[in-house]
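**Student:** Have a look at this one before I ask anything.
All of the numbers you see were taken from the coordinates with simple rules; none came from a lab. These figures come from a predicted structure and were not determined experimentally. Positions of Cβ are backbone-derived with ideal geometry, glycine not excepted, and every protein chain shown enters the neighbour counts.
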Amino acid sequence: MLSRRTLVSAALAAPLAPVAGAALAADPAATDLPAAVQATFAPMGDLPGVKSCFLIGEGPKGSWQGGLEPERPMFIGSAFKTFVLAQVLRAVEAGTLNENDPWAVDDAVRNSGSQTLEKLTGSTTARCVLEAMITHSDNTATDISLAKAGPDTVRALIREAGLGSVRIPDSTRRMVSYIAGAPVGTDIGWAGVEKLASGWLPGTPRPPINDVSTMMASMADMVSWYRQALTGTFFRKPQTLVEYKRILSMADALAVVVPDGLAAYGKGGSIQWQDFNCFSLAGQMVVGAGRVTFGFNVNWTGPESGIPAVFADFAKSVAETLRAAAAGTKA
C-alpha cells in the first residue's frame, strides 16, 4: 500500500499506452513532435488499463510537445509529494520553519511504506525528513512534512499553480485509513496500520480513486507544475529553488530512466491496493541549453503477480521515450 516496494529501486516501470486520439495540447510556440519521440509511444499501448503521458521539449531550435490523453486525471501515488516539499520550503523561506529544526518521529505519524523512518523513534532534522520523503518516498516522512506544512496550505499552493486536476490527502495514513474502510475523517493510527498487514479491515474497502481522500492529477498538470516550479515561480529566494532542485534530484526513480549524464528533477509514485495498481513519474531533465518536462502514468487492475512485468515494461518505455526526447531537444 503506497509503498515503493523493492521494485522501485530495481527499474522504474511501465509503458504509457496510447489511448485513442493521443491528444496534443495546442501550443502556438510548439513545433512538430520529433518522429523519434512519437515512435517511442507505440509500445505503451501494450500496457493494461488506462495510460497517460505528456512531454514538452524546449531547446535552442524551438519547442515541441506531445502526449497520450494528457488531460486525463489519474491516480499518481507518491508523485504528489513534490507539492509538499515545495510548500515546506516556502515556509522555510518565510521563516516559520527551519530545515535544521528537530522533527519528531513517532507513532503519531508513522505509516507503512517507510523504509527510512518506519522503525525509528526519536527526532531528526527537517532536512533529513524531506530527503527521506523524496529519495525513498518514505510515507512517515511525508506525513511529518505534510503536518508541518498543513495540507490546506499545500492545496492553496496547488490552486495558485492553476492545477485543477490535483487532489492530495490530509496524510498518507488517513488515505490508507479511508480506503481500508474507516469512516470519513478517521485515522486508524499506527496500531491499525499494523493490523492491516494481518488482513484486518476497519470496514468495506474503497478504491484509491475516490472523492474523499486520494492522490490524483493529470499529466498535463504535473508538467505544468514542474515547468513553473523549476523556474522559481513559487519561491522568493534563489537559494530556495536550489534546495528544491537538490532534493528532487535525489528521487531514486530518475536514475533508472533518465539518460546518463543529464541532470533531472522529479518524483515517482506507485500503489498496490486490492487489485488496483499504479506507476507514475513526473519531472524535468536538462538537455544542454534545453529541457524536457515529462509526466508518465499507468493505472490498471490485476493481480499482484503481474506487477513486476508491468513495472519492467513501464521502465523500458519511459527510458526509451526520454532518450528520444533528449536527442530531439538537443538536435
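**Student:** In deg cm²/dmol, rounded to 500, what helix-only [θ] at 222 nm does the chain give when every DSSP H run of at least 4 residues adds -39500 (n - 2.57) and the total is split over its residues?
**Tutor:** That calculation yields -11000 deg cm²/dmol at 222 nm.
**Student:** May I ask you to sort C128, C278, C53 by Cβ crowding, counting other Cβ atoms within 10 Å and putting the fewest first?
**Tutor:** Going from sparsest to densest Cβ surroundings: C128, C278, C53.
**Student:** Among T231, A326, V88, whose Cα projects farthest towards the positive end of the dipole of the chain, with charges put on the beta-carbon of Lys, Arg (+1) and Asp, Glu (-1)?
**Tutor:** Highest projection toward the positive end goes to T231.
**Student:** Would you mind ranking M216, M222, M74 so that the residue whose beta carbon has the fewest other beta carbons within 10 Å leads the list?
**Tutor:** M216, M74, M222
**Student:** Here is a further query. Comparing W190, W200, W103, which has the greatest mean-square fluctuation in the GNM of the chain with Cα pairs linked when under 10 Å apart?
**Tutor:** Highest fluctuation of the listed residues: W200.
**Student:** Now, a different point. Show me, bin by bin at 5 Å from 0, the whole-percent P(r) of segment 190-286 based on Cα pairs.
**Tutor:** Going out from 0 Å in 5 Å bins, segment 190-286 shows 2, 10, 16, 17, 16, 12, 11, 9, 5, 1 percent.
**Student:** Once Rh for segment 40-155 is found with the Kirkwood sum over Cα pairs, what is the Stokes-Einstein diffusion coefficient at 10 °C and 1.306 mPa s, in µm²/s?
**Tutor:** Answer from the Stokes-Einstein relation: 96 µm²/s.
**Student:** Assigning unit charges at the beta carbon (Lys, Arg +1; Asp, Glu -1) and nothing else, what dipole magnitude in debye, to the nearest 20, does the chain show about its Cα centre?
**Tutor:** Details: 28 positive and 29 negative charges, 83 e Å.
For the chain, the charge dipole is close to 400 debye.
**Student:** Between A147 and D106, 0.36 nm times their residue separation minus their Cα-Cα distance comes to what?
**Tutor:** My answer for the length gained is 13.4 nm.
**Student:** Also: What residues have an amide H closer than 5 Å to that of G181, excluding those fewer than 5 places away on the same chain, when H is modeled at 1.01 Å from N in the peptide plane?
**Tutor:** R206
**Student:** Now a separate question. By how many nm would the segment from T96 to E160 lengthen if fully extended, with 0.36 nm per residue of separation less the alpha-carbon distance?
**Tutor:** Working: separation 64, 0.36 × 64 = 23.04 nm, distance 1.99 nm.
Additional length available on full extension: 21.1 nm.
**Student:** How big is the shadow of the Cα convex hull of segment 109-213, averaged over all directions, in nm²? Intermediate values should be presented prior to the final figure.
**Tutor:** On the way: hull surface 28.6 nm².
Across all orientations, segment 109-213 yields a mean hull projection of 7.2 nm².
**Student:** Further question: For the chain, please report how many Lys pairs fall under 18 Å Cα to Cα, leaving out neighbours fewer than 8 apart on the same chain.
**Tutor:** 10
**Student:** GNM on the chain, C-alpha springs below 10 Å: top fluctuator among A217, A182, A191?
**Tutor:** The residue with the greatest mean-square fluctuation here is A191.
**Student:** Moving on. What distance in nm lies between label points placed 7 Å from Cα along the C-beta direction at D260 and Q239?
**Tutor:** Roughly 3.6 nm, to one decimal.
**Student:** Using a Gaussian network model of the chain whose springs link C-alpha atoms within less than 10 Å, name the residue from F311, F294, F235 with the highest mean-square fluctuation.
**Tutor:** F235
**Student:** Kirkwood Rh over alpha-carbon pairs of segment 7-330, then Stokes-Einstein at 20 °C and 1.002 mPa s: what D in µm² s⁻¹, rounded to an integer? Mind showing how you got there, number by number?
**Tutor:** Values: Rh = 19.7 Å.
Rounded, D is 109 µm²/s.
**Student:** I'd like the antiparallel share, as a percent to the nearest 5, of DSSP beta bridges with both residues in the chain.
**Tutor:** Numbers: 46 of 48 bridges.
Given both bridge residues lie in the chain, the antiparallel proportion sits at roughly 95 percent.
**Student:** Please arrange T329, T214, T96 by how many other C-beta atoms lie within 10 Å of their C-beta, fewest to most.
**Tutor:** Fewest-to-most ranking of T329, T214, T96: T96, T214, T329.
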